[in-house]
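**Student:** Here you go, one structure.
The values are calculated or read from the model by the stated rules, or taken from the named source; none is laboratory data. From a predicted model like this one, the values you see are computed outputs, not experimental measurements. As a convention, Cβ positions derive from the backbone with ideal geometry for all residues, glycine included, and neighbour counts pool all protein chains shown.
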Amino acid sequence: MNARRPAIAVVGAGQASPALCEQAEEVGYEIAAGGATLVCGGCGGVMEAAARGARKAGGHTIGIIPGYEHSGANAHIEFVIATGMGEARNVIVAASADVLIALAGEAGTLSEIAMALKIGRPVIALDAWAEIAGLKRANSARAAVELALELIRARA
């Protein structure tokens, strides 16, 4: 039997405030505590904080990085996927997860949200992206991850 772990992507700003990083770290922790694997873009900001949280909880992290060099991934990434695709790697981030949790970000985050919606992946906005229709909403890290896991179970 193939018992694949659920995969939840965390997307958000590559350069983030301390408060946003704290929120991302909580999300990463909750993902791992919930038995899911964290997927992210593997770089800094929200991605690094979420990966740090997941590793603190003993979880697995996958970083889909824009360059070819594994050293481009942050220190909390367990499995590096080096794409050499630059920002086009955002498509792979969206496609590799069962659900995306979107924190505050800019155009790169918006591209991941758009691609996820285009390919039918649910997106949960955490205190961000209120102007985008079609997103699920959560107001805490735990609520976002609980909703993500419910959505994954419902699709199984």
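**Student:** Within the set of pairs 6 or more residues apart or between chains, which connect a residue that is within 17 Å of ALA36 (Cα to Cα) inside the stretch 57-73 to a residue that is among the acidic types (Asp, Glu) and not in a loop (DSSP other than H, G, I, E, B) with Cβ atoms less than 9 Å apart?
**Tutor:** Within 9 Å, the pairs are ALA57/GLU30.
**Student:** Right, here's the next one. Take GLU106 and decide whether it is closer than 22 Å to ALA19 by Cα and without any contact (Cβ under 8 Å) to a residue 40 or more places away in the chain.
**Tutor:** Values: closer than 22 Å to ALA19 by Cα: yes; without any contact (Cβ under 8 Å) to a residue 40 or more places away in the chain: no.
Against the criterion (closer than 22 Å to ALA19 by Cα and without any contact (Cβ under 8 Å) to a residue 40 or more places away in the chain), GLU106 does not qualify.
**Student:** Right, something else. Any residue at all in the stretch 14-22 that is buried (at least 19 other Cβ atoms within 10 Å of the Cβ) and either polar (S, T, N, Q) or free of Cβ contacts under 8 Å to residues at least 40 places away in the same chain (or both)?
**Tutor:** From the stretch 14-22, those buried (at least 19 other Cβ atoms within 10 Å of the Cβ) are 16, 20-21; that's our starting set.
Imposing the further condition that a residue be either polar (S, T, N, Q) or free of Cβ contacts under 8 Å to residues at least 40 places away in the same chain (or both) reduces the set to 21.
Scanning the stretch 14-22 turns up at least one residue that is buried (at least 19 other Cβ atoms within 10 Å of the Cβ) and either polar (S, T, N, Q) or free of Cβ contacts under 8 Å to residues at least 40 places away in the same chain (or both).
**Student:** May I ask you to say which residue of ALA156, ALA128, ALA114 is at pLDDT below 95 and closer than 25 Å to SER17 by Cβ?
**Tutor:** Working: ALA156 fails: closer than 25 Å to SER17 by Cβ; ALA114 fails: at pLDDT below 95.
After applying the criteria, what remains is ALA128.
**Student:** Further question: Go through the residues of the stretch 66-80 one by one and say whether even a single one is surrounded by fewer than 19 Cβ atoms within 10 Å (Cβ to Cβ), among the β-branched types (Val, Ile, Thr) and out of contact with any Gly (no Cβ under 9 Å at 6 or more places or on another chain).
**Tutor:** No; the residues of the stretch 66-80 include none that is surrounded by fewer than 19 Cβ atoms within 10 Å (Cβ to Cβ), among the β-branched types (Val, Ile, Thr) and out of contact with any Gly (no Cβ under 9 Å at 6 or more places or on another chain).
**Student:** Taking the stretch 29-42 only, how many residues are in a helix (DSSP H, G or I) and of a type in the set (A, V, I, L, M)? First the steps, then the outcome.
**Tutor:** From the stretch 29-42, those in a helix (DSSP H, G or I) are 29-33; that's our starting set.
Then keep just the ones that are of a type in the set (A, V, I, L, M); that gives 31-33.
Result for the stretch 29-42: 3.
**Student:** Of all residues in the stretch 77-103, which are farther than 17 Å from ILE65 by Cα and either free of Cβ contacts under 8 Å to residues at least 40 places away in the same chain or touching a Phe, Trp or Tyr at 6+ places or on another chain (Cβ under 7 Å) (or both)?
**Tutor:** Within the stretch 77-103, ALA102 is the sole residue that qualifies.
**Student:** It is to be established whether one or more residues within the stretch 83-101 are modelled with pLDDT of 95 or more, closer than 26 Å to ARG4 by Cβ, among the basic types (Lys, Arg) and surrounded by 15 or more Cβ atoms within 10 Å (Cβ to Cβ).
**Tutor:** Checked the stretch 83-101: at least one residue is modelled with pLDDT of 95 or more, closer than 26 Å to ARG4 by Cβ, among the basic types (Lys, Arg) and surrounded by 15 or more Cβ atoms within 10 Å (Cβ to Cβ).
**Student:** Going by what's in this entry, would GLU48 be described as surrounded by 15 or more Cβ atoms within 10 Å (Cβ to Cβ), among the acidic types (Asp, Glu) and under 23 Å from LEU20 (Cα atoms)? Don't jump to the end; show me each part of the working.
**Tutor:** Values: surrounded by 15 or more Cβ atoms within 10 Å (Cβ to Cβ): yes; among the acidic types (Asp, Glu): yes; under 23 Å from LEU20 (Cα atoms): yes.
The answer is yes for GLU48.
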